[in-house]
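Visitor: Provided herewith is a single structure, encoded as structure tokens, for subsequent inquiry.
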Amino acid sequence: MAGTVWVLAEQWRGQLSDITFELLALGREVAGQLGVQLEAVLMAHGQAGAAAALGKADAVLYVDHPVLAEPVPETYADVLVQLAKERTPSVILVPLTNVSRGIGTLAAVSLNAPCINFCTDVTVLEGGIQARCVLYGGKMEATVAVKASPAILGLWAGARPAEKGRDGAQPRVEQVSVSLPDTQRVRLKQYVDPEAGDIDISEQDSLVAIGRGIQTQDNIEVATELADVLGGAVCGSRPVIDQGWLPLSRQVGKSGLTVKPRLYIAAGISGAPEHTEGMKDAALIVAVNTDPQAPIFNVAHYGVEADVMDVLPALTEAIRARKG
């Protein structure tokens, strides 16, 4: 495959997302195996400082325009198509997040290019691209060989550690121009922030996650006590959020947040793929469930086959006693 490897840099509210650096780390591996340059594509407005932070790339293609201040998939895809037609990259890695989802697919349609979403890894075999991806909410895994270019690949978070994609080097920044209207058909009206006083579970070192096994809303206090002694927070799977027992900002999973704490206690959570997609990269996972066949045990480092209402209070007291 000839042509460079591109990484679409995701910026949201003026900040580069961690997945940008995860993809830069992966992109550096792929570019090295193909023997080509790695370039980052940054679309923004007034964010030259962000372009300079993409030092893992050999070069940054920076598109600065007022309508690119907010990541609207339709507009970003239009820019990506214009650049790809002009510069013919061989591979384009696109973040598959709530911010960037749809950009790669829309661009692929316009370019008549192959697009593979839900990828967890990308490798080079005999000069060609192979993408490992998950299907049916994680129930199946497939390896897909891509013969045509540009290969547009949508990557889940967690493909590589973000720290591996951070580099203090100063990349060559090339400011490029594209044809864009002064207004867009789709416009961001406002951001709806979490309720005042709520915490960001993605920043917590310890999380106690609750599912249906907590039984009633009143029993959440048991999980809260454990989270307090651990210095962490309580979060939940989608059924708990849908019941209104916890706010949406506490939801872990594909339709919630991706978390990577040092400790994740899954209490009464069955472990559906939609949930495990958001927590499988935690450093230490402890699962508590009465069902020995619960899928959560497949991703847990330690498992306890018991009722959460028996285990959580006992664990809380043991930690308190240890702290003494």
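The values are calculated or read from the model by the stated rules, or taken from the named source; none is laboratory data. Bear in mind that the values here come from a model prediction, so they are computed numbers and not experimental data. With ideal geometry, Cβ positions are generated from the backbone for all residues, glycine too; neighbour counts draw on all protein chains shown. Remember, those area values only see protein heavy atoms, side chains included, never the ligands or the DNA or RNA. Shrake-Rupley method; radii C 1.70, N 1.55, O 1.52, S 1.80 Å.
Visitor: For Ile92, enumerate residues with amide H under 5 Å from its amide H, sequence gap 5+ or separate chain, H modeled in the peptide plane.
Guide: Answer set, sorted by chain and number: Trp6, Ala151, Ile152, Leu153.
Visitor: OK, next. Which entries in the list Lys147/Lys189; Lys85/Lys260; Lys56/Lys147 go over 30 Å, if you measure between the two C-alpha atoms of each?
Guide: Lys147/Lys189; Lys85/Lys260
Visitor: Got the relative contact order for the chain handy, in percent, Cα pairs under 8 Å and 6 or more residues apart? Kindly include the intermediate steps, with their values, before the conclusion.
Guide: Values: 714 pairs, mean separation 48.1, N = 324.
The value is 15 percent.
Visitor: Same structure, new question: What percent of all Cα-Cα pairs in the stretch 1-73 falls into each 10 Å bin, going from 0 up to the bin containing the maximum distance?
Guide: P(r) for the stretch 1-73, in whole percents per bin: 21, 52, 23, 4.
Visitor: Quick one: what are the phi-derived ³J(HN,Hα) couplings along the stretch 286-303, Karplus 6.51/-1.76/1.60 with θ = phi - 60°, whole Hz, x for glycine and proline?
Guide: 10, 10, 10, 7, 7, 8, x, 9, 4, x, 4, 5, 6, 10, 7, 7, 9, x
Visitor: Determine the share of the chain's accessible area contributed by carbon and sulfur atoms, expressed in whole percent, with a 1.4 angstrom probe.
Guide: The C+S portion of the solvent-accessible surface of the chain is 49 percent.
Visitor: Considering only the other residues whose Cβ falls under 14 Å of the Cβ of Glu70, what net charge follows from Lys and Arg at +1 and Asp and Glu at -1?
Guide: Summing Lys and Arg as +1 and Asp and Glu as -1 gives +1.
Visitor: Cut-off 10 angstrom, C-alpha nodes, Gaussian network model of the chain. Which of Val176, Val94, Val259 fluctuates the most?
Guide: The residue that fluctuates most here is Val176.
Visitor: Bin width 10 Å, alpha-carbon pairs only: give the P(r) of the stretch 228-324 as whole percents, running from 0 to the bin holding the largest distance.
Guide: Calculated over all Cα pairs of the stretch 228-324, the distribution is 16, 48, 32, 4 percent.
Visitor: Now, a different point. Would you grab the residues whose amide H sits under 5 Å from the one on Val176? Only those 5+ places off in sequence or on another chain, please, with H modelled 1.01 Å from N.
Guide: Residues meeting the criterion, in which the H sits 1.01 Å from N, are Tyr62, Val63, Asp64.
Visitor: Where the convex hull is taken over the Cα atoms of the stretch 57-135, what is its projected area averaged over directions, in nm²? All intermediate terms of the calculation are to be shown ahead of the outcome.
Guide: Details: hull surface 25.0 nm².
That works out to 6.2 nm², a quarter of the Cα hull's surface.
Visitor: Go ahead and estimate [θ] at 222 nm for the chain from helices alone: -39,500 (n - 2.57) per DSSP H run with n ≥ 4, summed, over the residue count, rounded to 500. Display every interim value, and only then the final one.
Guide: Values: 8 runs with 82 residues, N = 324.
That comes out to -7500 deg cm²/dmol.
Visitor: Amide H neighbours of Asn117 under 5 Å, counting only residues 5+ apart in sequence or on other chains, H built in-plane at 1.01 Å?
Guide: Hits under the 5 Å cutoff: Gly154.
Visitor: I would also like to ask the following. Could you list the GluC sites (Glu not before Pro) in the stretch 146-197 that lie in coil according to DSSP, counting only those with at most 16 other Cβ atoms within 10 Å of their Cβ? Show your work: numbers first, answer last.
Guide: On the way: sites: Glu163, Glu174, Glu195; in loops: Glu195.
Filter output for the stretch 146-197: Glu195.
Visitor: For the chain, report the convex hull volume of the alpha-carbon atoms normalised per residue, in Å³, without decimals. Spell out each step's value before the answer.
Guide: Working: hull volume 48.7 nm³, N = 324.
Cα-based convex hull of the chain, divided per residue, equals 150 Å³.
Visitor: Using a Gaussian network for the chain with springs between C-alpha atoms less than 10 Å apart, which of these wobbles most: Met279, Met309, Met140?
Guide: Met140
Visitor: In cubic angstrom, how much convex hull volume per residue do the alpha carbon atoms of the stretch 44-86 span?
Guide: Working: hull volume 3.4 nm³, N = 43.
Spread over its residues, the Cα hull of the stretch 44-86 gives 78 Å³ apiece.
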